[in-house]
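Beneath this line is the structure, given in structure tokens, with notes to follow.
The values are calculated or read from the model by the stated rules, or taken from the named source; none is laboratory data. Remember, it's a predicted structure, so these values are computed and weren't measured experimentally. Glycine also receives a Cβ, built like all others from the backbone with ideal geometry; neighbour counts cover every protein chain displayed. Note: accessible area is taken over every heavy atom of the protein model, side chains too, but ligands, DNA and RNA are not part of it. Shrake-Rupley method; radii C 1.70, N 1.55, O 1.52, S 1.80 Å.
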Amino acid sequence: IPGIDTGILKTFQNEVTAAVTATTIAEAAETDAVSTESAAAILETDATAAEMVAVAIATEATNLDNMATAFATLVSPPSPPYPPPHIVPISASSSSSSLIAVIAGLTGALVGLGFLG
């Protein structure tokens, strides 16, 4: 353009370059925003699926607990433990014939009860 100041021309050129650069940056930012929105939608879908699985697992746990409770009512409670056998102490002063008599008596009792043949 005839008669235009070169300073003004240089300023216009710089402003055009800045506008092109800004437009390019804005387009890249918009592309990033679209990608981020797509990734967020995928994550939201995954979170929904995970929540559904968690609900299914919790439901199954509740069902198993109910079944265990029902089965527990069908089983009789355990019998109480048997007390330890009562052992009659033999004093050190007893004679060996007394010991033999005790053993013979116990053996006879076991035979009489049918435990020994």
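Among the conditions (1) open to solvent by 90 Å² or more (accessible area, probe 1.4 Å); (2) assigned to a helix (DSSP H, G or I), Pro2 misses just one, which is (2).
The residues on offer are Leu9, Leu74, Leu64, and the sole one that is surrounded by fewer than 10 Cβ atoms within 10 Å (Cβ to Cβ), more than 30 Å from Gly105 (Cα to Cα) and without any contact (Cβ under 8 Å) to a residue 24 or more places away in the chain is Leu74. What do you reckon, is Ala58 in contact with a Phe, Trp or Tyr (Cβ under 9 Å, 6 or more places away or on another chain), surrounded by 10 or more Cβ atoms within 10 Å (Cβ to Cβ) and either of a type in the set (Val, Ile, Thr) or modelled with pLDDT of 70 or more (or both)? So Ala58 does not fit the description; no.
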